[in-house]
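**Q** Before I ask anything, here is the structure I am working with.
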Amino acid sequence: MKSSYLIASPMLLLQLCISNLRHIFTSVFSKVFNWTLGVCIPLTSSVSQLDKEEDQSKDKNATAPTSVNYHFTRQCNYKCGFCFHTAKTSFVLPLGEAKRGLKLLKESGMEKINFSGGEPFLHDKGDFLGELVQYCKQDLKLPSVSIVSNGSMIKEKWFQKYGEDLDILAVSCDSFDEATNQLIGRTQGRKSHIDNLHKIRNWCQQYKVAFKINSVINTFNIDEDMTENILQLNPVRWKVFQCLLIDGENAGDDALREAERFVISEEMFQEFLDRHSSVPCLVPESNEKMRNSYLILDEYMRFLDCREGRKDPSKSILDVGVKEAICFSGFDEKMFKERGGKYVWSKADMKLEW
């Protein structure tokens, strides 16, 4: 009995030593491993905890879709020769799916939504658009809801029904000469684009919607002086774009437009800007500023990457979520800020005199 105890004691001592050494080795190895990663986590943390923290870090650094341009339709009743979002399909998401995507964007940080096309008032006579406008303002409580339109399909009854929930309406107008608009393709039949522009301006005033004008500067209007007309219409912003080529849309073998003949140089664009420098609401955007500084969603709710001079789509936010899809947008947040992408965009904050 005594010899058995003496034999067992060294064995127990040896097992105890081995156990202690194993514990010390594991502790040292864990600390060295964590220091190598540049992180400090408790020894009880598992690999899944580390992965979770890395995912949270990625989410924190992900680009927020502060301002989004949703081109929900490609259909249009105009044929502007430089159009860079042409009518390649007639697809439009069901209203419920479009709302689901807008909610995902709001939950990811969207503050401003801009609806565009195509011509957004063309689908369902503007009611589809109106439903989205109401949803974004009343349900999602977005600070800013805006639309870009050619103005040809807008009726006063639309303002009566949906105008209260719209912050900004931008109407595209490239010239105050009807013959020039005909050459560009911004026309339909014998309707006067200019007369319609003034009518919509009055409706915006009447129904308390901030009025904006967008102009694409190209070879057909480069020598025009629009100062007097712009000052008369007095928009909150006059966005002036340099004609932009996008492969597969308005340039290249598969394009529906041939915009090469509309393209102007940087110098020509600057001359136009200099001529209109006295217009206080002028907001210029060259190709360099415009190409990667917009978050563009197509009709399938895919972000479009224009970095390579074409539109490469991400997966739909409806399938993979906003954070994954936005990684493939090519969005230049720095340029977005430099070009003044964030401004006073809620009509409640503009302090306009209606």
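**Q** Could you put 74, 291, 310 in order of accessible surface area, largest first, with the 1.4 Å probe and the full protein assembly present? Provide the component values of the computation, followed by the final result.
**A** Working: 74 25, 291 70, 310 100 Å².
Descending accessible area places them as 310, 291, 74.
**Q** Counting pairs of Cα atoms in region 191-262, how many percent are more than 18 Å apart? It would help to have the intermediate numbers written out before the result.
**A** Details: 1363 of 2556 pairs.
Here the long-distance tail beyond 18 Å is 53 percent of all Cα pairs in region 191-262.
**Q** Sticking with this one: How charged is the neighbourhood of residue 278? Take every other residue with its Cβ under 13 Å from the Cβ of residue 278, and add Lys/Arg as +1 and Asp/Glu as -1.
**A** In short, -2.
**Q** Please give the contour-minus-distance gain from residue 256 to residue 124: 0.36 nm per residue of separation, less the Cα-Cα distance, rounded to one decimal in nm.
**A** On the way: separation 132, 0.36 × 132 = 47.52 nm, distance 2.42 nm.
Length gained, residue 256 through residue 124: 45.1 nm.
**Q** Which entries in the list 289/342; 106/315; 212/311; 106/323; 79/208 go over 23 Å, if you measure between the two C-alpha atoms of each?
**A** On the way: 289/342 14 Å; 106/315 18 Å; 212/311 26 Å; 106/323 12 Å; 79/208 30 Å.
Exceeds cut-off: 212/311; 79/208.
**Q** Viscosity 0.692 mPa s, temperature 37 °C: give me the Stokes-Einstein translational D for region 269-354 in µm²/s, with Rh taken as the Kirkwood radius over C-alpha pairs. Provide the component values of the computation, followed by the final result.
**A** Details: Rh = 15.1 Å.
For these conditions, the coefficient is 217 µm²/s.
**Q** So what are the ³J(HN,Hα) numbers for region 284-298, from phi and the Karplus equation (6.51, -1.76, 1.60; θ = phi - 60°), rounded to whole Hz, Gly and Pro as x?
**A** x, 9, 6, 4, 4, 6, 7, 4, 10, 9, 10, 8, 10, 9, 8
**Q** Between region 118-144 and region 230-261, what is the separation of their alpha carbon centroids in Å?
**A** If you average the Cα positions of each part, the centres end up 24 Å apart.
**Q** Once you have the Cα-Cα distance between residue 327 and residue 100, take 0.36 nm times their residue separation minus that, and quote the gain in nm to one decimal.
**A** Numbers: separation 227, 0.36 × 227 = 81.72 nm, distance 1.99 nm.
Fully extending the segment from residue 327 to residue 100 adds 79.7 nm.
**Q** Counting only heavy atoms of the protein chains, get the accessible area per residue of region 70-223 (1.4 Å probe) and round it to a whole Å² value. Can you show the working numbers first?
**A** Numbers: 6050 Å² over 154 residues.
Dividing the accessible area of region 70-223 by its residue count gives 39 Å².
**Q** Beyond 13 Å, what share of the Cα-Cα pairs of region 132-179 is found? Please give it as a whole percent. If you can, show how the numbers build up before the last one.
**A** On the way: 703 of 1128 pairs.
Here the tail beyond 13 Å accounts for 62 percent of pairs.
**Q** To continue, here is another question. If each of residue 267 and residue 283 carries a label point 7 Å out from its Cα toward its Cβ, how far apart are those two points in nm?
**A** Each label point lies 7 Å from its Cα, and together they span 3.0 nm.
**Q** Spin-label point model (7 Å from Cα, Cβ direction): what's the residue 343 to residue 310 distance in nm?
**A** 3.3 nm
The values are calculated or read from the model by the stated rules, or taken from the named source; none is laboratory data. Please read these numbers as outputs of a predicted model, since none were measured by experiment. Cβ atoms come from the backbone with ideal geometry, glycine included; neighbour counts cover every protein chain shown. Only protein heavy atoms, including side chains, enter the accessible area calculation; ligands, DNA and RNA are left aside. Shrake-Rupley method; radii C 1.70, N 1.55, O 1.52, S 1.80 Å.
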